[in-house]
1. Just for segment 30-43: of the residues that are of a type in the set (Ser, Thr, Tyr) and at pLDDT 90 or above, which one is surrounded by the fewest Cβ atoms within 10 Å (Cβ to Cβ)?
2. List the number of the failed condition for PRO132; all other conditions in (1) open to solvent by 70 Å² or more (accessible area, probe 1.4 Å); (2) under 18 Å from LEU176 (Cα atoms) hold.
3. Could you list, in sequence order, all residues of segment 135-186 that are out of contact with any helix residue (DSSP H, G or I) (no Cβ under 8 Å at 6 or more places or on another chain), assigned to a helix (DSSP H, G or I), at pLDDT below 90 and open to solvent by 70 Å² or more (accessible area, probe 1.4 Å)?
4. Please find, within segment 72-98, the residue that is least open to solvent (accessible area, probe 1.4 Å) out of those that are in contact (Cβ under 8 Å) with a residue 24 or more places away in the chain, of a type outside the set (Gly, Ala, Ser) and over 13 Å from TYR30 (Cα atoms).
5. Pairs needed: first member in segment 9-32, closer than 16 Å to PHE65 by Cα; second member anywhere, surrounded by 14 or more Cβ atoms within 10 Å (Cβ to Cβ) and of a type in the set (Gly, Ala, Ser); C-beta distance under 7 Å; at least 6 residues apart or different chains.
6. Specify the residue that is surrounded by the most Cβ atoms within 10 Å (Cβ to Cβ); the eligible residues are those in segment 44-71 that are of a type in the set (Phe, Trp, Tyr) and part of a helix (DSSP H, G or I).
7. Is it the case, given these coordinates, that LEU101 is at pLDDT below 80, open to solvent by 90 Å² or more (accessible area, probe 1.4 Å) and either part of a helix (DSSP H, G or I) or under 30 Å from GLN167 (Cβ atoms) (or both)?
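The values are calculated or read from the model by the stated rules, or taken from the named source; none is laboratory data. As the structure is a computational prediction, the values presented were derived from the model and not from experiment. For neighbour counting, all protein chains shown are included, and Cβ atoms are generated from backbone atoms with ideal geometry for every residue, glycine included. Just the protein is used for accessible areas: all its heavy atoms, side chains included, with ligands, DNA and RNA removed. Shrake-Rupley method; radii C 1.70, N 1.55, O 1.52, S 1.80 Å.
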Amino acid sequence: MKQILDTKTLISLLERKDNKAYQYLYERYYVSLKALANYYLRDNVQGEDLVQDVFVALWESRYKFRTENEIKYFLYRALKNGCVSLLRKQKLKAKYLHEALSANVEEDNFWEKVLEEDVYARLMSAIETLPPQCKLVMQLTLEGLKGQEIAERLQISLATVKEYKGQGKKILQQQLKGRGTLLAIVLIIF
């Protein structure tokens, strides 16, 4: 059963930090404060926690209230400020989470690119050791030219291009053996 306190008694009890005043205010405003917090936060647990924090703030307040309306204003203002603060923190968390995930993707891309460049540099170094015609055919293959295009550019037969590719691939496999599976995969491309 809800009790009714007149303003003078309520103020007097609050000044003395009497539990009766807080019990009265809790029974009178809890439901509406919680409903408002849930509306803004869309989270029942956070809403309950925030309302509890509002009543703790009232308990800790040294403000000398003169009317129940001032107390009511204090409670709703504290709730509003708490909601705004929580929503800002959530927004900030979401922003940092997004940035962290983006940074991880960028870092993954960075290391993939480093690995790719390392593999490419090793492959190009190995290609440099090939006989001149094999070397040229392999470089043109890396540039994306097809066998017929290489044959036309170098003015040799397609069969000769295939022979140079085969020789180059065999030599590269021997040179790069044991240097990692990525290099072996690159060789499969040829």
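1. Of the residues in segment 30-43, the ones of a type in the set (Ser, Thr, Tyr) are 30, 32, 39-40.
When the remaining residues are screened for being at pLDDT 90 or above, the result is 30, 32.
Values: TYR30: 16, SER32: 14.
So, considering only residues that are of a type in the set (Ser, Thr, Tyr) and at pLDDT 90 or above, the one surrounded by the fewest Cβ atoms within 10 Å (Cβ to Cβ) is SER32.
2. The one condition PRO132 does not meet is (2).
3. LYS170, GLN174, THR181, ILE185
4. Restricting attention to segment 72-98, the residues satisfying the condition of being in contact (Cβ under 8 Å) with a residue 24 or more places away in the chain are 72, 75-76, 78-79, 82-83, 86-87.
Narrowing further to those that are of a type outside the set (Gly, Ala, Ser): 72, 75-76, 79, 83, 86-87.
From what's left, over 13 Å from TYR30 (Cα atoms): 83, 86-87.
Values: CYS83: 7, LEU86: 43, LEU87: 67 Å².
Among those that are in contact (Cβ under 8 Å) with a residue 24 or more places away in the chain, of a type outside the set (Gly, Ala, Ser) and over 13 Å from TYR30 (Cα atoms), it is CYS83.
5. So the pair list comes out as LEU10/ALA21; LEU13/ALA21; LEU14/ALA21.
6. Step one: list which residues in segment 44-71 are of a type in the set (Phe, Trp, Tyr), which gives 55, 59, 63, 65.
Restricting the remaining residues to those that are part of a helix (DSSP H, G or I) gives 55, 59.
Values: PHE55: 17, TRP59: 12.
By that ranking, first place goes to PHE55.
7. Working: at pLDDT below 80: yes; open to solvent by 90 Å² or more (accessible area, probe 1.4 Å): yes; either part of a helix (DSSP H, G or I) or under 30 Å from GLN167 (Cβ atoms) (or both): yes.
In short, yes.
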